[in-house]
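Student: Following this message is one structure expressed as structure tokens.
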Amino acid sequence: MIVRTLTLAGGLAGAAGLSQFPEFSQQYTQRLGGAVDELARVVHQFDRDASAVGMSRQEALSELGQSGAFGARRSQTITRTIARHRDLSADLDALRAAGPFTRASRIAHLSDPQIARAAWRDYKPAAPLTFEGAVFAGTGFLAGSLVLSMLIGVLRMPFRRRGARSRRTGAGA
């Protein structure tokens, strides 16, 4: 009875947790879109400034990097900003092209720690009233039940062997 209750509790915990994935991934995607928009603004402004003086982006970065300690540091910062914009844009494209179920297989695109922390900070769990929320809840229930059932089975193994030995010994006496 206790094992069934614990397995049910594990299933319910899994259902409650995994059912939140569709909404959290949607909110993460929205925050990611905002970050990409802001980074695009910075990158485009840098490119406009470079173009205004007749330089390409790479030429401007190179000249900036050779203009003293501050310029070198600023060149490194804008280079990282450009790379972050590229990477986050690729993540955003992958997530926007995915539906709620496909998004689960693209979980690596939900990996920016700053965006994830910000999305989690403002996230409010909700009842999964959508089809995908129900499917994720069902999957979470099965996964939670299975994990807890396996854990209980592993924990009970030493006791089963001891009980089986004593039955054999008692039967032979």
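Student: Please determine whether any residue of the range 113-124 is over 17 Å from the mean Cα position of the chain (by Cα), surrounded by 12 or more Cβ atoms within 10 Å (Cβ to Cβ), assigned to a helix (DSSP H, G or I) and of a type in the set (Val, Ile, Thr). Reasoning before the result, please.
Tutor: Within the range 113-124, the subset over 17 Å from the mean Cα position of the chain (by Cα) is none.
No.
Student: Now a separate question. Taking into account only those residues within the range 1-38 that are among the hydrophobic types (A, V, I, L, M, F, W, C) and surrounded by 19 or more Cβ atoms within 10 Å (Cβ to Cβ), which is nearest to the chain's Cα centre (by Cα)?
Tutor: Pass one, the range 1-38, residues among the hydrophobic types (A, V, I, L, M, F, W, C): 1-3, 6, 8-9, 12-13, 15-16, 18, 21, 24, 32, 35-36.
So of that shortlist, the ones also surrounded by 19 or more Cβ atoms within 10 Å (Cβ to Cβ) come out as 15, 18, 21, 32, 35-36.
Values: 15: 17, 18: 12, 21: 9, 32: 12, 35: 16, 36: 17 Å.
The extreme case among them is 21.
Student: Give me the residue from the range 48-86 that is without any contact (Cβ under 8 Å) to a residue 12 or more places away in the chain and surrounded by 15 or more Cβ atoms within 10 Å (Cβ to Cβ) and, out of that set, nearest to residue 115 (Cα to Cα).
Tutor: Checking each candidate, the answer is 74.
Student: Only one of 98, 164 is surrounded by 10 or more Cβ atoms within 10 Å (Cβ to Cβ), among the aliphatic types (A, V, I, L, M) and at pLDDT 85 or above. Can you tell me which?
Tutor: Details: 164 fails: at pLDDT 85 or above.
Within the list 98, 164, the selection yields 98.
Student: Within the range 14-53, track down each residue that is at pLDDT 80 or above and more than 30 Å from residue 84 (Cα to Cα).
Tutor: Residues of the range 14-53 that are at pLDDT 80 or above, as a first pass: 20-53.
None; the set is empty.
Student: Within the range 15-30, is even one residue within 29 Å of residue 108 (Cβ to Cβ) and not in a helix (DSSP H, G or I)? Explain how you work it out, then say what you get.
Tutor: Taking the range 15-30 first, the residues within 29 Å of residue 108 (Cβ to Cβ) are 15-30.
If we keep only those that are not in a helix (DSSP H, G or I) too, we end up with 19-20.
Yes; the residues of the range 15-30 include at least one that is within 29 Å of residue 108 (Cβ to Cβ) and not in a helix (DSSP H, G or I).
Student: Condition check: within 20 Å of residue 152 (Cβ to Cβ) and in contact with a helix residue (DSSP H, G or I) (Cβ under 9 Å, 6 or more places away or on another chain). Does residue 35 satisfy that? Don't jump to the end; show me each part of the working.
Tutor: Working: within 20 Å of residue 152 (Cβ to Cβ): no; in contact with a helix residue (DSSP H, G or I) (Cβ under 9 Å, 6 or more places away or on another chain): yes.
Against the criterion (within 20 Å of residue 152 (Cβ to Cβ) and in contact with a helix residue (DSSP H, G or I) (Cβ under 9 Å, 6 or more places away or on another chain)), residue 35 does not qualify.
Student: For residues that are in a loop (DSSP other than H, G, I, E, B) and either free of Cβ contacts under 8 Å to residues at least 24 places away in the same chain or in contact with a strand residue (DSSP E or B) (Cβ under 9 Å, 6 or more places away or on another chain) (or both), tally how many sit in the range 100-112.
Tutor: 2
The values are calculated or read from the model by the stated rules, or taken from the named source; none is laboratory data. Not measured: the values here are computed from a predicted model. Cβ: placed from backbone, ideal geometry, glycine included. Neighbour counts: every protein chain shown.
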